[in-house]
Structures are given as C-alpha cells and as structure tokens.
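Reviewing the structure listed below.
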Amino acid sequence: MAEEEVKVFRTWSSPFPLRVIWALKLKGVEFDTVYEDLSNKSPLLLQYNPVHKKVPVLLHNGKPICESLVILEYVDETWKQFPLLPQDPHERAKARFWAKFGDDKVSQSIAYGILFKQGKEQEEEIPRAMEILQHLEEELKGKKFFGGEKIGFVDLALGWLAYVINSLYVR
C-alpha cells in the first residue's frame with residue numbers, strides 16, 4: 001500500500017486548525033504540519049484555499065479540504081478508527097448542531113463580544129456570552145463528553161474554548 005500524504009496547513013495563533021490536529025491524532029493518522037504566515041500567505045495556501053485564503057487546510061494525497069468542521073467530517077469518513085460522529089442519525093444531527101452553534105454563536109460572543117472589546121463595551125457583552133455558554137453547560141450536564149463517554153466531534157469542535165480561555169489567563 002502506498003504511503004498517504006497528509007498535511008495540515010495552520011498558524012501558531014489560530015485555534016481552529018487544532019480541531020484537525022486533534023482528530024488526526026485521535027485516529028492515529030500521521031501528518032506533516034505546514035505553518036503559514038497569514039500576513040504573507042504562501043502560494044500553496046492560496047492555491048489550496050482560493051476562496052477564503054485561510055487555515056486550516058487539510059491536504060490528503062494532493063487533494064485539499066478547507067474549513068475545520070468540514071475537515072473533521074472528512075477525517076471521520078476517511079479514517080474509520082475511533083469514530084467522531086455518532087452512528088445514530090439523530091445524535092449525528094445534534095452533534096453537527098452543537099458544532100455549528102459553537103462557530104456561529106460561541107465564537108462570535110467570545111471573540112467579537114469580549115476579546116476584541118474593552119471597558120464598558122466588554123462588560124456589557126459578558127452577560128450575553130455567559131448566556132450562550134450556559135446552553136453548552138446544559139448540553140454537557142451529567143456527561144463526561146458531549147457525546148457521552150468518549151471524546152467526539154463536538155468536543156473537538158469546541159476544544160478551542162479551553163485553548164483560548166487558557167491563553168487569556170497564562171499571560
């Protein structure tokens with residue numbers, strides 16, 4: 001069997017490529033990391049992600065896949081060991097919902113509501129962000145992971161929260 005080419009294009013500053021890296025590591029897939037400077041994007045990044053021109057990009061045997069949640073699903077479908085998404089269609093739909101909720105609501109409230117604001121504006125956004133985070137807490141209540149007893153799709157999709165919050169306190 002020919003050796004697979006697996007590369008992850010990322011930056012040191014973005015937590016979203018970490019989703020891909022964590023998934024590949026959970027599945028035991030070997031990969032190379034290509035670090036990008038987003039202020040001076042490489043021709044390869046622009047070639048592999050000409051629409052958004054950002055990371056992450058997964059390159060699998062010369063074929064690029066863009067957008068971290070899309071990449072997570074691709075990784076799960078390509079490498080069957082350690083499934084990330086539940087087998088039950090309803091549970092799979094719920095996992096996709098919470099991952100999208102994380103990108104659409106949680107990241108917006110944390111990044112644009114709190115991290116990029118200061119003073120009174122920031123203080124006014126904190127209750128809104130807390131309300132959004134409360135939804136995640138309710139979904140996780142009584143479970144070890146969002147999917148139950150093992151780490152899965154939603155945990156990887158929301159893992160950036162711990163990364164970002166940790167980086168705020170380790171200054």
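Would a scan of the range 14-34 turn up a residue that is within 18 Å of Phe145 (Cβ to Cβ), open to solvent by 40 Å² or more (accessible area, probe 1.4 Å) and not aliphatic (A, V, I, L, M)?
Within the range 14-34, one or more residues are within 18 Å of Phe145 (Cβ to Cβ), open to solvent by 40 Å² or more (accessible area, probe 1.4 Å) and not aliphatic (A, V, I, L, M).
So in the range 35-57, with the set limited to residues that are aliphatic (A, V, I, L, M) and open to solvent by 60 Å² or more (accessible area, probe 1.4 Å), which one is modelled with the lowest pLDDT?
In the first step, residues of the range 35-57 are kept if they are aliphatic (A, V, I, L, M); the result is 38, 44-46, 51, 55, 57.
Keeping just the survivors that are open to solvent by 60 Å² or more (accessible area, probe 1.4 Å) gives 38, 44, 46, 51.
Details: Leu38: 93, Leu44: 97, Leu46: 97, Val51: 96.
Applying the filter and picking the extreme gives Leu38.
Among the residues of the range 39-66, how many are assigned to a loop (DSSP other than H, G, I, E, B) and more than 18 Å from the chain's Cα centre (by Cα)?
Residues of the range 39-66 assigned to a loop (DSSP other than H, G, I, E, B): 39-42, 49-56, 61-62.
Checking which are more than 18 Å from the chain's Cα centre (by Cα) leaves us with 39-42, 50-51, 61-62.
So the answer is 8.
What are the residues in the range 67-110 that are within 25 Å of Ile132 (Cα to Cα) and assigned to a loop (DSSP other than H, G, I, E, B), if any?
The answer is Glu67, Leu84, Leu85, Pro86.
Please enumerate the residues belonging to the range 1-13 that are open to solvent by 10 Å² or more (accessible area, probe 1.4 Å) and modelled with pLDDT of 95 or more.
Glu5, Lys7, Arg10, listed by residue number.
Output yes when any residue across the range 63-75 is under 12 Å from Arg10 (Cα atoms) and among the β-branched types (Val, Ile, Thr), and no when none is. So that I can check it myself, show each step before the final result.
If we filter the range 63-75 for residues that are under 12 Å from Arg10 (Cα atoms), which is where we start, we get 66-68.
Cutting the leftovers down to among the β-branched types (Val, Ile, Thr) gives us none.
No, the range 63-75 has no match at all.
Can you spot a residue in the range 69-76 that is in contact with a helix residue (DSSP H, G or I) (Cβ under 9 Å, 6 or more places away or on another chain), among the aromatic types (Phe, Trp, Tyr) and at pLDDT 95 or above?
Quick first cut of the range 69-76, residues in contact with a helix residue (DSSP H, G or I) (Cβ under 9 Å, 6 or more places away or on another chain) only: 69, 71-73, 75-76.
Cutting the leftovers down to among the aromatic types (Phe, Trp, Tyr) gives us none.
Within the range 69-76, not a single residue is in contact with a helix residue (DSSP H, G or I) (Cβ under 9 Å, 6 or more places away or on another chain), among the aromatic types (Phe, Trp, Tyr) and at pLDDT 95 or above.
Quick check: anything in the range 150-170 basic (Lys, Arg) and more than 22 Å from Leu24 (Cβ to Cβ)? It would help to see each step written out before you state the result.
Filtering the range 150-170 down to residues basic (Lys, Arg) leaves 150.
Subsequent filtering for residues that are more than 22 Å from Leu24 (Cβ to Cβ) retains none.
Looking for residues that are basic (Lys, Arg) and more than 22 Å from Leu24 (Cβ to Cβ), one finds none in the range 150-170, hence no.
Of everything in the range 113-160, what is assigned to a helix (DSSP H, G or I), open to solvent by 20 Å² or more (accessible area, probe 1.4 Å) and within 20 Å of Leu18 (Cα to Cα)? Give them in sequence order.
As a first pass, look at the range 113-160 and keep what is assigned to a helix (DSSP H, G or I): 113-115, 119-140, 153-158, 160.
Then drop every residue that is not open to solvent by 20 Å² or more (accessible area, probe 1.4 Å), which leaves 114-115, 119-128, 130-135, 137-140, 155.
Hits for the range 113-160 are Leu115, Asp155.
Can you give me the number of residues within the range 12-36 that are part of a loop (DSSP other than H, G, I, E, B) and touching a Lys or Arg at 6+ places or on another chain (Cβ under 9 Å)? I'd like the intermediate steps shown before the answer.
Step one: of the range 12-36, the residues part of a loop (DSSP other than H, G, I, E, B) are 12-15, 27-31, 36.
Then drop every residue that is not touching a Lys or Arg at 6+ places or on another chain (Cβ under 9 Å), which leaves 14, 27, 31, 36.
Number of matching residues: 4.
The values are calculated or read from the model by the stated rules, or taken from the named source; none is laboratory data. Predicted model only: the values in this text are computed from it and were never measured. Quick reminder, even Gly has a Cβ in these numbers, built from the backbone with ideal geometry, and neighbours come from all protein chains shown. We work out accessible area using only protein heavy atoms, side chains counted, and drop any ligands, DNA or RNA first. Shrake-Rupley method; radii C 1.70, N 1.55, O 1.52, S 1.80 Å.
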